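Everything on this sheet refers to the single structure shown next.
We did not get these values from a lab; they are worked out from the coordinates using the rules stated. This one's a predicted model, so the numbers in the text were calculated from it and none came from an experiment. Cβ atoms come from the backbone with ideal geometry, glycine included; neighbour counts cover every protein chain shown.
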Amino acid sequence: MARYEEVAADLRTRIRGGEYEVGGTLPKYEELTTTYGVGRGVISSALAILEREGLVRPIKRRGIVVLDWRVERRRIARGQLVTRSPRVGYVFPAASRPDERWVSHGRPFRERLPAPERVAELMDIEAGAETLRRRRVTSPAGEPPFQVVDTWLSEEAIRDAPQTAEASTGPGGYLDRLEESGHGPISWTEFIRTRMPSREEAQLLEISEEMPVLETAIAGRSARSGKVIEVTIRAIPADRVELVSELRRDRTASWPTDPVSAAP
C-alpha cells in the first residue's frame, strides 16, 4: 500500500469512528503533514481519495469539511409506469417512499438562461438559445440535499401556456398547463447516465466536485407538434442511490425448457 493510501485509510477510520464530526473539519495541512510525517503531496493525494468517496470536501475559508457519510444509499426501482395523483399531478419513477415527506433546500426559483448543450441536444435547439429553467433542490426531511432538479421549458411551451413561467403553475403543475394548452397527451423518454457535477451542483448538493452524479433526464414530447417542449434533469450524488430493475423471462427463457423454442 502506498503511503498516501495508508494516510487515507487512517483518516477514513477516524472519520467513520466519530473522531472527526460530520460538519466539522479535519486538521490543517500543516498539522496533517506533521502527524503522518509526510509532505503536502501525500496529504493531498490521501484527501483526494476521501473526496471521491464522499467523506470530505474542501471549502474555501473553512478547510476540509467532513460530509455526512452515514446517509443510506437509496434504491430506485426503474419502472416505466407514469402514474397520476389527484393532489400533485403526474408522478414519475423516483427515490421517494410511500408517505415520506420531502423538503426543499432554499427556495425554488426560475430564470432565463442559455440552453446548456445537453438540454439543447434533447430539445433539438441551438446551444445557447435562451430557455427558461425552473430549479429546486430537494431531499427527504432531515437529510442533506439529495437532488438538484432542473426543468427547462421551450419557447413554444411558454408561448402556449404562459403560466408555466410563473412562480405558481397551479394544480397539477406545469405539465397540466401544457396539456391543457393543446400539447397533451405528452409522451416521455428517459435518459440515464453518470457524469461529474458542475461546481454549482456540487455546492448545492454539498458534495465534492470529485463525486460523480447520476443524471436522469426526462424529455416530454408534444402530441401536437411532435417536438420536445420540456426537459427535466435530476442530478443525484452517485453514492446516494442505486438503480434496481426486475428482470423478466421471455417465453424463450421459460423453465422447464420448451423443447420447441430450444431446438436449433
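Couple of notes before you dig in:
- Residue check for residue 157: more than 21 Å from residue 51 (Cα to Cα), surrounded by fewer than 22 Cβ atoms within 10 Å (Cβ to Cβ) and touching a residue at least 24 places away in the same chain (Cβ under 8 Å): no
- Residue pairs meeting the criteria (Cβ under 7 Å; at least 6 apart or on separate chains; first more than 17 Å from residue 235 (Cβ to Cβ), in the stretch 115-131; second assigned to a helix (DSSP H, G or I) and of a type outside the set (A, V, I, L, M)): 127/117
- Looking only at the stretch 155-192, residues that are hydrophobic (A, V, I, L, M, F, W, C), under 18 Å from residue 110 (Cα atoms) and under 26 Å from the mean Cα position of the chain (by Cα) come to 6 in all.
- Hits in the stretch 84-128 (condition: assigned to a strand (DSSP E or B) and surrounded by 10 or more Cβ atoms within 10 Å (Cβ to Cβ)): 84, 89, 90, 91, 102, 103, 104, 109, 110, 112, 113, 114
Each row is one residue, and each column tells you yes or no for (1) surrounded by 14 or more Cβ atoms within 10 Å (Cβ to Cβ); (2) touching a residue at least 12 places away in the same chain (Cβ under 8 Å); (3) over 23 Å from residue 142 (Cα atoms).
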| site | (1), (2), (3) |
| --- | --- |
| 15 | yes, yes, no |
| 20 | yes, yes, no |
| 25 | yes, yes, no |
| 30 | no, no, yes |
| 34 | no, no, yes |
| 42 | yes, yes, yes |
| 50 | yes, yes, yes |
| 57 | yes, yes, no |
| 72 | no, no, no |
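- Residue 218 being out of contact with any helix residue (DSSP H, G or I) (no Cβ under 6 Å at 6 or more places or on another chain) and part of a strand (DSSP E or B): yes
- Subset of the stretch 98-114 [touching a residue at least 12 places away in the same chain (Cβ under 8 Å) and under 23 Å from residue 243 (Cβ atoms)]: 100, 102
- On inspection, residue 90 passes the criterion of being under 22 Å from the mean Cα position of the chain (by Cα) and under 25 Å from residue 244 (Cβ atoms).
- Total residues in the stretch 129-145, condition among the small types (Gly, Ala, Ser) and surrounded by 16 or more Cβ atoms within 10 Å (Cβ to Cβ): 1
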